[in-house]
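Just below is one structure, and these are the notes that go with it.
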Amino acid sequence: MKGSDMKTTLFMATSINGYVAGVNDDTDWVKDTEELYDFVAEKGVCVMGKRTYEDCMKYNVFPYKNALNIVITHDKSLIDKSTKDIIFTDGSIDQISKIASDRGLNEIIVMGGGNINSYFLKNNAIDEIVIDIHPIVLSGGIRLFEDVFPNTTLELVESKLILEGIVQNRYKVIK
Ligand SMILES: NC(=O)c1ccc[n+]([C@@H]2O[C@H](COP(=O)([O-])OP(=O)(O)OC[C@H]3O[C@@H](n4cnc5c(N)ncnc54)[C@H](OP(=O)(O)O)[C@@H]3O)[C@@H](O)[C@H]2O)c1
């Protein structure tokens with residue numbers, strides 16, 4: 001469980017049937033928006049799983065600029081490579097929140113993938129969900145939430161068309 005003064009937003013792009021990556025981790029259909037980069041820089045902390053980190057490396061978008069980048073992994077060789085602004089950790093959500101709060105940062109953006117999203121959801125550690133729904137149906141791949149997670153009620157806060165048929169929905173998690 002994270003500290004109650006930490007606000008956590010999950011920010012993801014999905015197909016209309018709820019996939020964040022297609023078969024073989026295909027994300028070529030995802031249109032990155034400048035908003036995401038600005039949002040990360042504004043909030044100051046982004047958290048992702050090791051597989052998402054590897055994907056970001058492939059697309060040369062890691063580390064996210066002007067932010068503390070935190071990668072959740074069991075990989076000791078990566079953990080040993082942590083720097084001041086790029087942290088690889090197998091720590092709990094509480095420990096991750098503390099890393100942020102120790103730097104005076106009180107908002108975290110969770111950036112996937114499906115495995116890490118459900119890790120946060122099942123620990124009741126997501127306050128807000130922003131989903132960019134792309135105009136595509138995918139036949140398989142990685143879902144927004146993978147593994148085990150609880151039924152969760154949301155309140156739609158805002159819905160808007162942002163770019164080339166992409167609808168962005170912003171939800172508050174009802175706790
Ligand atoms: N559409 C989008 O907006 C979007 C955004 C992000 C990602 N994606 C896509 O999602 C896919 C990746 O999602 P994914 O669900 O497969 O993987 P993921 O959530 O990115 O990473 C999962 C990995 O994180 C590590 N991990 C998970 N829980 C942990 C814990 N409690 N402690 C320590 N390490 C932990 C494990 O790696 P180790 O055991 O190896 O350390 C695990 O295999 C990629 O295709 C990516 O491109 C899409």
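Under the condition of being free of Cβ contacts under 8 Å to residues at least 40 places away in the same chain and closer than 13 Å to Ala13 by Cβ, which residue from region 142-168 is farthest from the chain's Cα centre (by Cα)?
If we take residues in region 142-168 being free of Cβ contacts under 8 Å to residues at least 40 places away in the same chain and closer than 13 Å to Ala13 by Cβ, then Gly165 is farthest from the chain's Cα centre (by Cα).
In region 122-138, what residues are touching a strand residue (DSSP E or B) at 6+ places or on another chain (Cβ under 9 Å) and either free of Cβ contacts under 8 Å to residues at least 60 places away in the same chain or not aliphatic (A, V, I, L, M) (or both)?
Asn124, Asp127, Glu128, Asp132, His134, Pro135
Is there a residue being in contact with a Phe, Trp or Tyr (Cβ under 7 Å, 6 or more places away or on another chain), surrounded by 14 or more Cβ atoms within 10 Å (Cβ to Cβ) and part of a strand (DSSP E or B) anywhere in region 88-108?
no
Tell me which residues, restricted to region 40-52, are open to solvent by 20 Å² or more (accessible area, probe 1.4 Å) and in contact (Cβ under 8 Å) with a residue 60 or more places away in the chain.
Across region 40-52, the qualifying residues are Lys43, Arg51, Thr52.
May I ask you to verify whether Lys81 is part of a strand (DSSP E or B), modelled with pLDDT of 95 or more and exposed (fewer than 13 other Cβ atoms within 10 Å of the Cβ)?
no
Of the numbered conditions (1) assigned to a loop (DSSP other than H, G, I, E, B); (2) under 20 Å from Pro63 (Cα atoms); (3) open to solvent by less than 10 Å² (accessible area, probe 1.4 Å), Ala125 fails exactly one; give the number of that condition.
Looking at each condition in turn, Ala125 falls short on (2).
For region 128-158, give me each residue that is outside any loop (DSSP other than H, G, I, E, B), open to solvent by 70 Å² or more (accessible area, probe 1.4 Å) and not hydrophobic (A, V, I, L, M, F, W, C).
Arg143, Glu155, Glu158
Return yes when Lys172 is without any contact (Cβ under 8 Å) to a residue 12 or more places away in the chain and either assigned to a strand (DSSP E or B) or in contact with a Phe, Trp or Tyr (Cβ under 7 Å, 6 or more places away or on another chain) (or both) and no when it is not.
So Lys172 does not fit the description; no.
The values are calculated or read from the model by the stated rules, or taken from the named source; none is laboratory data. In this text, all values refer to a predicted model and were calculated from it rather than measured experimentally. Using ideal geometry, Cβ is built from the backbone for each residue, glycine included, and neighbour counts are taken over all protein chains shown. Side chains are part of the model used for accessible areas, which takes the heavy atoms of the whole protein and leaves out ligands, DNA and RNA. Shrake-Rupley method; radii C 1.70, N 1.55, O 1.52, S 1.80 Å.
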